[in-house]
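Data block below; observations after.
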Amino acid sequence: MGFQGILTAAGRRRGLVLAVAAAPSIDAPIVERLTEEAAVVPLPGATPRVEILAAEGEVVAAGAPVARLRHDPGIRFVAPMAARVARVRLLPGHRLGEIVLFRERGGDAVSLPVPKDAEAEAETLSTLLHSAGFWPRIRRRPFGAMPLGSERPTAIVVMACDSRPLAPDPVRGLAGREEALARGLGALKALTAGPVFLCQAAGAPVLTARDAGPQVLVVTVGPRHPQGLAGIRVHDLCPAEIDRPVWDVDAEDVADLGDLLATGTLPQTRIVSVAGDAMTEPRLLRCQIGANTRGLCYGGTRPGSHLVLAGSPLDGWPSHWLGPRDRQVSVMVDRPPPADRHWFLSALMRTSRPRPLIPSAALVQATGGAFPAMAMLRALAAGDDETAIRLGALSLIEEDLALVDYVIGGAPRVTDRLRALLDRAEAEAAP
Amino acid sequence: MTRGLWDRETVALFLIAALMPLALAWLWAGGAEAAARLAAALVISGGWNLVFMLARAQPPSLGGAITALAVAMLAPEEIGLARLALGISFGTVFGELVFGGWGRNVVNPATVTLAFLGFGFPAAPWPDFVPPVAWAAIPAALIGIGAGVMPFGVIAGSALAGAVALAAGLPVAPVVPVGGLVLVLLVADPVSSPTTPLGRWLGGAVYGALAALFAAGWGGAAPVQICVAAALLASLAAPLLDEIAIGLWVMRRRRRHGQG
């Protein structure tokens, strides 16, 4: 631990093991299952203004653009499969709600011309990534949204590990694709002046430092949650700030990027785990991006009502569709909310908000020892944005503190307070 | 979506479980008189929690029971029920409840109570403890650290300071048993002790050093009086120590990450 350990309680082994439900076993077979319906949706919480490129009823090829950003028309949202556009739902102000697609069998896949200098020239590469529909797979910090088309980050963190409960092991999706991953990493290097970090779990290295290339820093990450979360790693490796954005990308997507550079076609499928206490047995599937979550768990649920969440049991939210970055579906038993207490008791108990926090070892473990946990939580609870930002809140988004909420069961939720802080900071930083 | 259980009352329950060896040893040694004192402290502390629930909608907490136990064990003897009630009322209300209840307090309410009684009624004799009670502080600390509700750094830091004082030949030996009890009951309280790892080591060391200093230089003071005074000052220093630890952490990070 050393001196740093005394300061922060840091350590690779900090974290918690959650026994939520059975996860897919480490060598479970990967079943190919493309759902009949899929949708193009933005990142959760984001509602970009778009221009629709494919009308309802039109047939599109896999990888063909269906929408593009209004303020930056180069950035496209693409169909994850050959499909017929079933329904376009826009929110007020031409904001993207969802574009529902019905699968068409035997359709084509779009192949883009790959310019020769794409792997070395930032401008060419980002144009290719915009038009191939890769951009929504990137998340920037601070604030956790899709980056602007012209943005160049100070660092890129590539996650080849995922410690969330029930998450699929990213190594499975990367088996046999080491070359594509290395090519993708090399290309990402062109997009940033800073370092590219490859985070991988101890004991299951995807790439050795030599294979990853000279300019990629390989980081070994502890096994427990939340060590394998992008936010905790960004906080540790290269803290994000308003004028120093950091991107994080999943390693499987980087391997897809490598394939795009080699063949001109961006793969549109990924490994997804479907698990939870309402599943008879967990599944490991290969399905398209934006797949219908009901279609993925169909036929495998226990009787009774259940909640289908896109994301992990900790930070997932009820959704019909997998988001552009989701790699797991959690199917949880829908427990009825606890019966209401007598109004008099509620009136006596409910006003004490935010609920007091008591420091305990569980709380420190829930933050992975990445930052002074109580100081951060107190700053968030009190709305002391300055202190929270000093402690690195801009590197985090909701999913990074979801475990804290799970552990302390506080009210209001810490994740909501963090989002409120990020929104305030974003409004303040806006030109 | 799912919720865990490490909320305030769970921590309070684990703290009570940790203090059980101590409480049982003390009750066994003290007999009916000790039990009556504990019952009185529980009733008064619980009563004020009830008043604040009805008047201010602050949920009562099991943390009040920990305060009651600490006060019953450490309060001066032969002061009578009325003075005890006055002291507990002052400590509970002004040390804890006016800040919003257990978890929002700045100092430990039991420490405030004991300091109040000590200053208010200096003639009352402070209690002595038989060796089994003092030894019971060790299992209490072990359970508390094991369950993660007592800060390890505080206990280790003060043990270190005590060991240094003993090795330096200061006359601290008579204070050590009581020092351990006060450490477990008052100083290792997760709420009012520092929250950062470095702050906790420093906080424990400050408590140990102050206790050693008072033992060496405060003629005629009882061991409990010495330790309570040290605990009060150490808990007042806690925010400063946290601030120092966080400042060091931020500075180190800034050096590592440039602007960071």
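The values are calculated or read from the model by the stated rules, or taken from the named source; none is laboratory data. Just so it is clear, the model here is predicted, and its values are computed rather than measured. So basically every Cβ, Gly included, is an ideal-geometry build from the backbone, and we count neighbours across all protein chains shown. Each accessible area value is taken on the protein alone, full model and side chains, heavy atoms only, with ligands, DNA and RNA left out. Shrake-Rupley method; radii C 1.70, N 1.55, O 1.52, S 1.80 Å.
Per-residue accessible area (protein heavy atoms, 1.4 Å probe) orders A:ARG270, B:ARG254, A:ARG172 as B:ARG254, A:ARG172, A:ARG270, starting from the largest. Work out the charge dipole of region B:1-128 with +1 on the Cβ of Lys and Arg and -1 on the Cβ of Asp and Glu about the Cα centre, then indicate which of B:LEU27, B:SER61, B:SER45 is farthest towards its positive end. Looking along the dipole axis, the top candidate is B:SER61.
A cut-off of 5 Å between modelled amide H atoms, ignoring neighbours fewer than 5 places along the same chain, links A:VAL221 with A:GLN200, A:ALA201, A:ALA202. Across region B:127-260, the relative contact order, built from alpha-carbon pairs under 8 Å that are at least six residues apart, equals 28 percent.
Within region A:198-239, whose backbone N sits under 19 Å from a point 7 Å along Cα→Cβ of B:ARG255? Once the point is set 7 Å along Cα→Cβ of B:ARG255, A:236-239 turn out to lie under 19 Å by backbone N, inside region A:198-239. In terms of its C-alpha gyration tensor, region A:66-183 comes out rounded, because the ratio a/c of the largest to the smallest axis stays below 1.5. Length available on full extension from A:ASP384 to A:LEU217: 0.36 nm per residue minus the Cα-Cα distance, which gives 56.7 nm. Once both labels are positioned 7 Å from their Cα atoms along Cα-to-Cβ, the gap between B:LEU142 and A:LYS116 label points is 7.5 nm. Taking the DSSP bridge list for chain A and keeping only pairs wholly inside it, about 65 percent are antiparallel.
Each of A:ALA155, A:GLY184, A:VAL114 was scored by the projection of its Cα onto the charge dipole of region A:98-195, and the greatest displacement toward the positive side belongs to A:ALA155; charges sit on the C-beta of Lys, Arg, Asp and Glu.
A simple count of charges around B:SER193, restricted to other residues whose Cβ falls under 11 Å of its Cβ and scoring Lys, Arg +1 and Asp, Glu -1, yields -1.
For the Cα trace of the protein assembly as shown, dividing Rg by the Kirkwood Rh returns an Rg/Rh value of 1.06. At 1.4 Å probe size, with no ligands or nucleic acids counted, give the accessible surface of A:TRP317 in Å², nearest ten. It works out to around 80 Å². Between the beta carbons of A:GLU151 and A:LEU90, assuming R0 = 22 Å, the FRET efficiency works out to 0.30 to the nearest 0.05. Of the residues A:ARG378, A:ARG164, B:ARG255, ranked by 1.4 Å probe accessible area with the largest first, the sequence reads B:ARG255, A:ARG378, A:ARG164.
First measure r as the distance between the Cβ atoms of B:ILE244 and A:GLU36, then evaluate 1/(1 + (r/R0)^6) with R0 = 45 Å and state the FRET efficiency to the nearest 0.05.
Calculated value: 0.15.
Taken one residue at a time, the phi angles of region B:67-72 give Karplus couplings (6.51, -1.76, 1.60, θ = phi - 60°) of 4, 4, 4, 4, 5, 4 Hz. Gly and Pro are set to x. Buried accessible surface for the A/B pair, both sides summed and rounded to the nearest 100, is 3800 Å² with a 1.4 Å probe. Over chain A, accessible surface divided per residue gives 40 Å², non-protein components excluded, 1.4 Å probe. Net charge in the neighbourhood of B:ALA222 (other residues with Cβ under 15 Å of its Cβ; Lys, Arg +1, Asp, Glu -1) is -3.
Around the amide H of A:GLY410, modelled in the peptide plane, lies no amide H under 5 Å away from a residue 5 or more places distant or on another chain.
When only the Cβ of Lys, Arg, Asp and Glu is charged (+1, +1, -1, -1), the dipole of chain A relative to its Cα centre reaches about 880 debye. Rounded to the nearest 0.05, what FRET efficiency do A:ALA61 and A:ALA19 give with R0 = 35 Å and r taken as the Cβ-Cβ distance? Could you check? For A:ALA61 and A:ALA19, the calculated efficiency is 0.20.
Modelled this way, with points 7 Å down the Cα-to-C-beta line, the labels at B:ALA156 and A:GLU178 are 4.0 nm from one another.
If you place +1 on the Cβ of every Lys and Arg, -1 on the Cβ of every Asp and Glu, and leave all else neutral, what size is the dipole of region A:343-429 about its Cα centre, to the nearest 20 Debye? Intermediate results must be reported in sequence, preceding the final value.
On the way: 9 positive and 11 negative charges, 94 e Å.
Once rounded to the nearest 20, the dipole reads 460 debye.
For region A:27-43, the Karplus equation 6.51 cos²θ - 1.76 cosθ + 1.60, evaluated at θ = phi - 60°, returns couplings of 10, 4, x, 8, 9, 7, 8, 8, 6, 5, 10, 8, 9, 9, 10, x, 4 Hz by residue, with Gly and Pro reported as x. Length available on full extension from A:ALA420 to A:ARG335: 0.36 nm per residue minus the Cα-Cα distance, which gives 27.8 nm.
Rounded to the nearest Hz, the phi-derived 3J(HN,Hα) couplings of region A:367-383 under the Karplus curve 6.51 cos²θ - 1.76 cosθ + 1.60 (θ = phi - 60°) are 9, x, x, 6, 8, x, 5, 5, 4, 5, 5, 5, 5, 5, 5, 8, x, where x marks glycine and proline. Under 5 Å from the amide H of A:ARG139 lie the amide H atoms of A:ASP248, each residue being 5 or more positions distant or on a separate chain, with H modelled from the backbone and absent for Pro and chain starts. For region A:120-233, give me the percentage of DSSP beta bridges that are antiparallel, rounded to the nearest 5 percent. So the antiparallel bridges in region A:120-233 amount to around 10 percent.
Could you pull the accessible area for A:THR47 with a 1.4 Å probe, rounded to 10 Å²? Here the residue's solvent-accessible area equals roughly 50 Å².
Sequence-distant contacts, meaning Cα pairs under 8 Å at least 6 residues apart, place the relative contact order of chain B at 19 percent.
Ordered by 1.4 Å accessible area with all protein chains kept, B:PHE90, B:PHE119, A:PHE134 run largest first as B:PHE119, B:PHE90, A:PHE134. Please give me the summed charge of the neighbours of B:GLY157: other residues whose Cβ is under 15 Å from its Cβ, Lys and Arg +1, Asp and Glu -1. Net charge around B:GLY157: -1.
Once you keep just the Cα pairs under 8 angstrom separated by 6 or more residues, what percentage relative contact order results for chain A? Walk me through the numbers before you get to the answer.
Numbers: 948 pairs, mean separation 82.8, N = 431.
Computed value for chain A: 19 percent relative contact order.
Using heavy atoms of the protein chains and a probe of 1.4 Å, the accessible area assigned to B:ARG256 is about 130 Å².
Shielding value for B:57-63 is 4, the average number of Cβ atoms from other chains within 10 Å of each residue's Cβ.
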